[in-house]
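The values are calculated or read from the model by the stated rules, or taken from the named source; none is laboratory data. What you see is a predicted model; the values in this text were computed from it and never measured. Please note: Cβ atoms are built from the backbone with ideal geometry, for glycine as well, and neighbour counts cover all protein chains shown. The accessibility values were calculated without ligands, DNA or RNA, using every heavy atom of the protein model including side chains. Shrake-Rupley method; radii C 1.70, N 1.55, O 1.52, S 1.80 Å.
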Amino acid sequence: MLAGLLLGLSFPPVNWSWLSIPAFICLFRVGELCTTYKEVAWVSYIGFVTWNVITTYWLMMASVFAGIAAILANSAIMTIPICVGIYVSRTRSSPYLVSLLQAAAWVSYEYLHHHWDLAWPWLAIGNGWANHISLIQYISITGHLGVSFWVVLVAALTVQLIKSPSTARSLAVVGMLIFFPLISMVMWSTKEVASNGGYTSATVIQPNHDSYQDLSGFESLTAQISSLYSITDSIRTDSTQLIVWPENAIDRAISPNTVRTRRFIDSAQSWQAGFIMGSGFIQNYTPENQPTVVRGENRRGPFNVFNVALYVTDTGEFSTYKKAKLVPIVERFPFLPMLTRLDVYGWIDWGSFAGFGRGNDSNNMEMDTFITPGLVCYDSVYPSWVREFVSKEADFITIITNDGWWGNTSGHHQHFAYARLRAIEFDRWIVRSANNGISGVIDSKGNIHKKTDYWVRTGFNFNVPHSDSVTFYAQFGDWFSYLCLVLTAMTWPGMYVRDRFFSGSVSQSEY
């Protein structure tokens, strides 16, 4: 429980990030005192539930059932890398190799947890350091999981020092503790804020509509849209090139080629500015292109509903970006394609509770003067997905979100902080529009240039610099995570051979 408390306090908004190191010292030390792996799992599970509750209690604001399920399930999954780490410590004699493999196992878990239908990357250890930007600049090389590796490695080395004190181990702990932050401080002091000389004049809107009321409390969708136009017209200038409305700005699923989409096109042409705005979107299918799972049928045929960013250029070109990273259970039922194939007799109408359709195209908004994505909420905590847009020459990164579902809790502080990681990883400025806040602008070093208050109706104008630089992480992606996966995978054959043929050579004291 102490480990869970320390981890909870290491995340925003508390930001006592150094506490994550003693937290893992607790986890590994207690794990080594356990007699069975079942005991390791149960004891660490208590700590992980404590951590998840402290850090992500706000999930229950949007859905009590989904929030509790996510906390309990995520905590259970977290016990796996701890058990692997304890297994490593009991089958390897080198304290340095044990520490390396324990850190690699944790990073492998975090990476794999980013890439399946029950993905929940919110509690990656690196996220807890998002507000200490001078100490994490090296994530432009490793990605933010490099911070997770460093934290767990330092903790694991410290446990080895506690078990068997020596000068060499003391030096290893101190050296590793300062090595990564020292590299980062050098990078911080020498790096210039990215700019290739170009910029986009952006108007960012925070309408502060109430997400807990139907149509945000307005009598009609027309009234809600009029509210958005009213605040936009009072803030934008004649030089505005891009107007950004948040996720769920339009609190209904709309269709293409309607009166409302025509209004957006007319406004963009009249103001000579592009639009990025959040909305639901209905896509109909013909029998030839119908996917495995659809939401239902209307008069135009089978359809799905997507959570999208609508792109409208200053010339009136209309397109959509469909959100790809959907919150499990809350936005989309997990493993739908597999479950549908298994249900060969069609006993269950999977489409009736499928949730949103999932997009798979990393399409930027492209105008003559700039290129930027319209990442929707949860998209922004997946660096490997953000990388897809940057590789397509995005000049800066735009994020639209609705953090009002969580109320005035830790959630919106964490989500805003995580955007700072993306800025550093890709050397790009960030423009962020949130329905109730926090909206803002972040530069390529992670510095905050604009930050709104939460739960206020406001907006601002900002000239956002462009960047065309390519960081090591942007070029090579998750190479560091792949390396950790390989290291973790390579331990198993060796461990099997040792257990099978040399099981009697490990003394009880080593356990």
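Computed quantities for the displayed model
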quantity	calculated
Fully extended contour minus Cα-Cα distance, from residue 39 to residue 233, at 0.36 nm per residue	63.7 nm
Calculated Rg and Dmax of the chain using C-alpha coordinates, Å	24.3, 81
With Cα atoms, 0 to 90° folded angle of helix 479-501 axis to the chain main axis	30 degrees
Linear extension gain, residue 353 paired with residue 72, 0.36 nm per residue minus alpha-carbon span	98.9 nm
Over the stretch 300-362, equivalent-ellipsoid semi-axes from the Cα gyration tensor in Å	29, 13, 9
Whole-percent carbon and sulfur share, accessible surface of the stretch 151-231, 1.4 Å	63 percent
Virtual spin-label span in nm between residue 489 and residue 453, 7 Å along Cα→Cβ	5.3 nm
Global size of the stretch 1-95 as Cα Rg and Dmax, reported in angstrom	14.2, 48
Theoretical gain in end-to-end length, residue 292 to residue 361 [0.36 nm per residue, Cα-Cα removed]	23.1 nm
q = 0.18, 0.21 Å⁻¹: log10 I(q)/I(0) that the Debye formula gives for the stretch 146-304, counting C-alpha atoms only	-1.09, -1.29
Projected label distance in nm at residue 393 and residue 272, using a 7 Å step from Cα toward the beta-carbon	2.4 nm
Dimensionless Rg/Rh of the stretch 246-328 - Kirkwood Rh, Rg from C-alpha atoms	1.01
DSSP beta bridges in the chain [antiparallel fraction, %, rounded to 5]	65 percent
Solvent-accessible heavy-atom area per residue, rounded to whole Å², over the chain at 1.4 Å	41 Å²
Under the Karplus curve 6.51 cos²θ - 1.76 cosθ + 1.60, θ = phi - 60°, whole-Hz ³J(HN,Hα) for the stretch 288-296, x wherever Gly or Pro sits	6, 10, 5, x, 4, 10, 10, 5, x
